[in-house]
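Worksheet: one structure, shown below.
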Amino acid sequence: MSVLSALGLTSGKKVRYAVVALGDISQEAMLPGVAHTGNSEVTAFVTGDPEKARRVGELYGVTDSYGYDEFGALLASGTIDAIYLATPNWRHAEFAIPALKAGIHVLVEKPLEISSEKCREIMAAQAGSSAKLMVAYRLHFEPATLATIDLIRSGKLGEILTFSSTFTQMVSPENHRAKSGVAAGPIFDMGPYPINAVRYLFGDEPTEVVSAVGVRHPEAGLGDFDDTVAVTLRFPGNRLAQFVLSYYGNVLDTYAVVGTQGSVEVNPAYMYGKPLERTVTIGETKNHESFKNTDHFGGELKYFSDCILNGTDPEPDAEEGYADIRVIEGILKALESGGPVRLEPFTRTRRIDTAAQKETLSAQSSPELVNTSNPGKGKEKVPKN
């Protein structure tokens, strides 16, 4: 019997997912894109809200629902092959590890967890399992992002010198992100975007958190954490990266990379639900391009299901998630100490394959949310993480 047959995943069959947590990211972004992947389906929910399970289930024909304390029964039910894990950041290991030990594949939202120790526990569970794990870095499959990686790899910008980014949103004080401390604040929630971006654009790992400064605006009405943070990272080859994160600012998500012969600016750079755009400058010649708005979530799900069905390993794996948490921990230490923090040596063993990972599924509309809300005060589709 083949491996695929043993898993019940013979040719033509779809990977059966349970969605663990029905917050805004699951309802607004992931669930609308499942049907048009062609290789994925949702067969169960895990939630602490039966009404939410019932009403969301009516939209997608899902009748099986489990409470969080019934997760073990779900893993043993034989009704799923994989989970999409969208709990709060600090509960990822709680569900990922038993799923992996049960041979259930895991697509986990970023960040992978909130500490390198927890990340290593997940990595160890995956290493000892037949199941695959992918961290949901949706931009690893998005055409504008991949085209920008190709541009930098081509050498047309010359020697790369700097990366700078601003990622801000106005978070409602009523949102759970405003009430769960630093683990739900902008460093963990938004920080993976510029950190991951500079790592895949530079194709390298930072060696030092040069500085990190955080401020709090009492008028924001948020919790006990820095609502705005500015960070500088040092990379090998005298390259510097700087970015600002904020839960108390008008929506902006952009980054720019400067080289000795040219530059590229992407704006918007991280959002879903709108076309990503970039301006490339070579010498004094500027070229602006708007990329098609694609379904980031359906695209990453399709890629992961393909990996499961074909027996291939996904690129944004647990090590990729660990690489970002390694930097976030350095930022937290720099905020506490007020000085620079050297990062332990680390080498990423795999990088994005821009040709193999490009996904172009059409963007999908979002339904009315049930018993949850988008974090932003405005109407922008600001990502959860």
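The values are calculated or read from the model by the stated rules, or taken from the named source; none is laboratory data. The shown structure was predicted, so the numbers you read here are calculated from the model rather than taken from an experiment. Positions of Cβ are generated from backbone atoms using ideal geometry, with glycine treated the same way; all protein chains shown enter the neighbour counts.
Applying a threshold of 7 Å to beta carbon distances and a minimum spacing of six or more residues, or different chains, the list of pairs starting in the range 357-369 at a residue that is farther than 12 Å from Tyr303 by Cβ and ending at one that is among the charged types (D, E, K, R) reads Ser362/Asp295; Ala363/Asp295; Gln364/Asp295; Ser366/Glu28; Leu369/Asp24; Leu369/Glu28.
Only one entry of Asp317, Asp313 meets the criterion of being modelled with pLDDT of 95 or more and out of contact with any Cys (no Cβ under 8 Å at 6 or more places or on another chain), and that entry is Asp317. Answer yes if at least one residue in the range 265-274 is loosely packed, with under 15 Cβ neighbours inside 10 Å, farther than 25 Å from Pro375 by Cβ and without any contact (Cβ under 8 Å) to a residue 60 or more places away in the chain, and no otherwise. Among the residues of the range 265-274, not one is loosely packed, with under 15 Cβ neighbours inside 10 Å, farther than 25 Å from Pro375 by Cβ and without any contact (Cβ under 8 Å) to a residue 60 or more places away in the chain, which makes the answer no.
The single condition among (1) closer than 18 Å to Thr148 by Cα; (2) not in a loop (DSSP other than H, G, I, E, B) that Gln357 does not meet is (2).
His36 meets the conditions (1) part of a loop (DSSP other than H, G, I, E, B); (2) at pLDDT 95 or above in every case but one. The failed one is (1).
Scanning the range 305-332 for residues that are assigned to a helix (DSSP H, G or I) and small (Gly, Ala, Ser) returns Ser305, Ala318, Gly321, Ala323, Gly330. Right, Pro275: modelled with pLDDT of 95 or more, within 30 Å of Val34 (Cβ to Cβ) and out of contact with any helix residue (DSSP H, G or I) (no Cβ under 7 Å at 6 or more places or on another chain) or not? In short, yes. Checking each residue in the range 21-76 for being surrounded by fewer than 16 Cβ atoms within 10 Å (Cβ to Cβ), under 13 Å from Val370 (Cα atoms) and touching a Ser or Thr at 6+ places or on another chain (Cβ under 9 Å) picks out Pro50, Arg54. Among the residues of the range 76-92, those identified as in a loop (DSSP other than H, G, I, E, B) and farther than 21 Å from Cys307 by Cα are Ala76, Ser77, Thr87, Pro88. Just one of (1) assigned to a helix (DSSP H, G or I); (2) crowded, with 17+ Cβ neighbours inside 10 Å fails for Glu219. It is (2). In the set (1) assigned to a helix (DSSP H, G or I); (2) under 23 Å from Gly321 (Cβ atoms); (3) not hydrophobic (A, V, I, L, M, F, W, C), the condition left unmet by Gln169 is number (1). Among the residues of the range 105-144, those that are within 27 Å of Ala355 (Cβ to Cβ), assigned to a loop (DSSP other than H, G, I, E, B) and charged (D, E, K, R) comprise Glu109, Lys110, Lys132, Glu142. Of the residues Ala183, Ala178, Ala144, Ala124, which is in contact with a Lys or Arg (Cβ under 8 Å, 6 or more places away or on another chain) and of a type outside the set (Val, Ile, Thr)? That would be Ala144, the only listed residue that is in contact with a Lys or Arg (Cβ under 8 Å, 6 or more places away or on another chain) and of a type outside the set (Val, Ile, Thr).
Residue-wise test of (1) within 21 Å of Arg326 (Cα to Cα); (2) of a type in the set (S, T, N, Q); (3) crowded, with 24+ Cβ neighbours inside 10 Å; (4) touching a His at 6+ places or on another chain (Cβ under 6 Å).
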{"site": "Leu146", "(1), (2), (3), (4)": "no, no, no, no"}
{"site": "Ala184", "(1), (2), (3), (4)": "yes, no, yes, no"}
{"site": "Pro192", "(1), (2), (3), (4)": "yes, no, yes, no"}
{"site": "Val210", "(1), (2), (3), (4)": "yes, no, no, no"}
{"site": "Val231", "(1), (2), (3), (4)": "yes, no, yes, no"}
{"site": "Asn238", "(1), (2), (3), (4)": "yes, yes, no, no"}
{"site": "Val244", "(1), (2), (3), (4)": "yes, no, no, no"}
{"site": "Gln261", "(1), (2), (3), (4)": "no, yes, no, no"}
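Taking each residue of the range 300-316 that is closer than 13 Å to His36 by Cα and in contact (Cβ under 8 Å) with a residue 60 or more places away in the chain and looking for partners that are of a type in the set (Asp, Glu) and surrounded by fewer than 24 Cβ atoms within 10 Å (Cβ to Cβ) with beta-carbon atoms closer than 9 Å, six or more apart or interchain, yields Glu300/Glu359; Lys302/Glu359; Tyr303/Glu315; Tyr303/Glu359.
In the range 66-84, the residues that are of a type in the set (A, V, I, L, M) reach residues that are modelled with pLDDT of 95 or more and assigned to a loop (DSSP other than H, G, I, E, B) with C-beta atoms within less than 7 angstrom, at least six apart or across chains, in these pairs: Leu74/Ile80; Leu75/Ala102; Leu75/Ile104; Ile80/Ile104; Ala82/Ile104; Ile83/Ile104.
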